[in-house]
Amino acid sequence: MTDFARRYADSLMNTFGPPKLTLVRGAGAHVWDSEGAEYVDLLGGIAVNALGHAHPALVQAVTDQLSTLGHISNFFASEPQIELAERLLALVDAGPGKVFFTNSGTEAVEAGFKLTRRTGRTHVVVAEGGFHGRSMGALALTSKEAYRAPFEPLPGHVTFVPFGDAEALASAVTGETAAVLLEPIQGEAGVVVPPDDYLAAARRITSEHGALLWLDEIQSGMGRTGLWLEHHRSGVTPDVVTLAKGLAGGFPIGACVALGAAADLLQPGNHGTTFGGNPVACAAALAVLRTIEAQGLLERVTLVGQKLRDGLLADPRVTEVRGEGLLIGLDLSADASAEVAAAALARGFIVNNPTPRRIRLAPPLVLTDDDVDAFLTAWPLILDVAMGAPT
Ligand SMILES: Cc1ncc(COP(=O)(O)O)c(C=O)c1O
């Protein structure tokens, strides 16, 4: 055990298990640990470090804003906050709307959940396998039994339906349903993509019953899949979109974006936050948006993602590769994802193993061709170590 590992164990709550490494610095898609070893970060802080580590545009924006006006509370407005809200509404591109800023994805979901209660209805329909956060509200909307059971009773009147099954959704939604909440691609489940017409069906079903369609793009949004927002691929117009993770490239921020009539459901006194909409976080997000645009990263994400998916699938020990852009999930031919992640780490690549058979990649959008080539070259060797030679 290193000195850091001992100090961590003695001073931090054991909610995450022992950390794999202690990281000390990063640059681009690379990080270095406390022993000086270098890694290609193919997880990007779990789909967060859109511009990689220590990107000059992000460093500059945060430094400039912090040296000008760091925090003000929501008794006051700041220009970055207003500009970011305007930019997000333009990106969602679904007409007039309003934004509530938070500090995390969970809090954006919490805001969305409270907003649904203001419809006068309480029933929410959510997909099995979906993940929306760990607060009592967000957990109530998250299906995983192991996460929920220790904290029951959670807020109720939530129905879970199989993800991707439009018929099941149609049966669950009634005139009492306030909202249907879906991830356009389920991230924590191991990157699960629904059928092409699923979101359109969800839109039709919710509209028929006067319910809100709420899309959680906390993981799939902000360029990760090669589109600003993954739901744009389906052409649907939601009522609520939640964002976080990559939005400010690693600076904590979340946003609950409500469109049309839903934008006015939360009224003075209904919700609040001390830090949400903080000018530094908003300036960081604006820098991320500007850089993605200026560097044409959406197009690049599509190309690099395809190259990665093709390369990963070429190995016979990979049975399926899913996802869009740089949100990639793959299934192994055996329950060996922990061994694969460990073998990858030992060779200098950070990947994630969300389920026993699934590997997830969500690297920085600035991942270079050299990084991709290095990983694809190492991939069969990683699988040899973790799973043995192909049969
Ligand atoms: C789709 C989705 N919603 C909500 C959350 C919760 O976000 P956070 O961890 O920032 O609270 C996550 C985190 O993984 C997520 O993937």
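The numbers here are math on the coordinates, done by the rules we state, and not lab data. As the structure is a prediction and not an experimental result, all values here were calculated from the model. All Cβ positions, even for glycine, are placed from backbone atoms using ideal geometry, and neighbour counts span all protein chains on display.
The spread of Cα positions in segment 101-230, taken along each principal axis and listed from longest to shortest, comes to 37, 32, 29 Å.
Estimated at 0.36 nm per residue, the fully extended path between L23 and R233 surpasses their Cα-Cα distance by 72.0 nm. Taking every alpha-carbon pair under 8 Å whose residues sit at least 6 apart, segment 89-150 reaches a relative contact order of 25 percent.
When the charge dipole of the chain is built from unit charges on Cβ atoms (+1 for Lys and Arg, -1 for Asp and Glu) and taken about the Cα centre, the candidate among P150, L213, P380 whose Cα reaches farthest toward its positive end is P150. Quick one: plug the Kirkwood hydrodynamic radius of segment 189-343 (C-alpha pairs) into Stokes-Einstein at 25 °C, 0.890 mPa s, and report D in µm²/s. Stokes-Einstein gives a translational diffusion coefficient of 138 µm²/s. A Gaussian network model of the chain, with springs between Cα atoms under 10 Å, assigns the largest mean-square fluctuation among G296, G305, G269 to G269. Shown in residue order for segment 243-253 are the 3J(HN,Hα) couplings computed by the Karplus curve 6.51 cos²θ - 1.76 cosθ + 1.60 at θ = phi - 60°: 9, 5, 6, x, 3, 10, x, x, 7, x, 6 Hz (x for Gly and Pro).
Rounded to whole numbers, the Karplus 3J(HN,Hα) couplings from phi for segment 37-44 are 6, 9, 9, 8, 8, 8, 10, x Hz, using 6.51 cos²θ - 1.76 cosθ + 1.60 with θ = phi - 60°, and x at Gly and Pro.
Counting Lys and Arg as +1 and Asp and Glu as -1, each charge on the Cβ, what is the dipole of the chain about the Cα centre in debye, to the nearest 20?
So the dipole magnitude of the chain works out to roughly 620 debye.
The C-alpha radius of gyration of segment 14-73, expressed as a fraction of 2.2 N^0.38 Å, stands at 1.39. Can you give the angle from 0 to 90° between the axis of helix 369-387 and the longest principal axis of the chain, with both taken from C-alpha atoms, to the nearest 10? Helix 369-387 sits at roughly 70 degrees to that axis. Just so you know, the averaged projected area of the alpha carbon convex hull for segment 78-162 sits at 6.9 nm².
Remark: the chain projects, on average over all directions, an area of 19.6 nm² (convex hull of Cα atoms).
Here the convex hull built on the C-alpha positions of segment 185-281 has a volume of 124 cubic angstrom per residue. D by Stokes-Einstein for segment 83-123, Kirkwood Rh over Cα pairs, 25 °C, 0.890 mPa s: 212 µm²/s. Residue pairs exceeding 29 angstrom between C-alpha atoms, taken from K144/K245; K20/K114; K114/K144; K114/K245; K98/K307: K20/K114; K98/K307.
Over all directions, average the projected area of the Cα convex hull of segment 257-300 and note it in nm².
Mean projected area for segment 257-300: 4.7 nm², to one decimal.
Here segment 5-44 was treated as a single set of alpha-carbon atoms; its pair distances binned every 10 Å from 0 give 27, 44, 28, 1 percent. Peptide packing: for 149-160, 115-126, 248-259, 60-71, the average count of neighbouring Cβ atoms within 10 Å per residue gives the ranking 248-259, 115-126, 60-71, 149-160, highest mean first. Projecting the Cα positions of A201, T274, G95 onto the charge dipole of the chain (unit charges on Cβ atoms of Lys, Arg, Asp and Glu, taken about the Cα centre) puts T274 furthest along the positive direction. Geometric descriptor of segment 300-391, per residue, is 77 Å³ (volume of the convex hull of the Cα atoms). Relative contact order for segment 306-391: 30 percent, from Cα pairs under 8 Å spaced at least 6 residues apart, divided by residue count. According to the Kirkwood relation over distinct C-alpha pairs, the hydrodynamic radius of segment 236-287 is 12.3 Å. For the peptides 289-295, 327-333, the ranking by mean Cβ contacts within 10 Å, running from highest to lowest, is 327-333, 289-295. Residues in segment 324-329 carry Karplus couplings, in order, of 9, x, 9, 10, 10, x Hz; the curve used is 6.51 cos²θ - 1.76 cosθ + 1.60 with θ = phi - 60°, and Gly or Pro positions show x.
Positive end of the dipole of the chain (Cβ unit charges, origin at the Cα centre): among N353, G26, M13, the Cα lying farthest that way belongs to M13.
Any chance you could check the Cα centroid distance between segment 40-93 and segment 187-224 for me, in angstrom? Each part's Cα centre sits 25 Å from the other's.
Calculation over all alpha carbon pairs of segment 1-150 in 10 angstrom steps from 0 returns a P(r) of 8, 22, 32, 28, 9, 1 percent. Relative contact order, whole percent, for the chain stands at 22, derived from Cα pairs under 8 Å and 6 or more residues apart.
Close amide-amide hydrogen proximity is noted between F349 and V40, each under 5 Å apart and 5 or more residues distant or on a separate chain (H modeled in the peptide plane; Pro and chain starts excluded).
Restricting everything to alpha-carbon atoms, can you work out Rg to Rh for segment 47-97 with a Kirkwood hydrodynamic radius?
So for segment 47-97, dividing Rg by the Kirkwood Rh gives 1.04.
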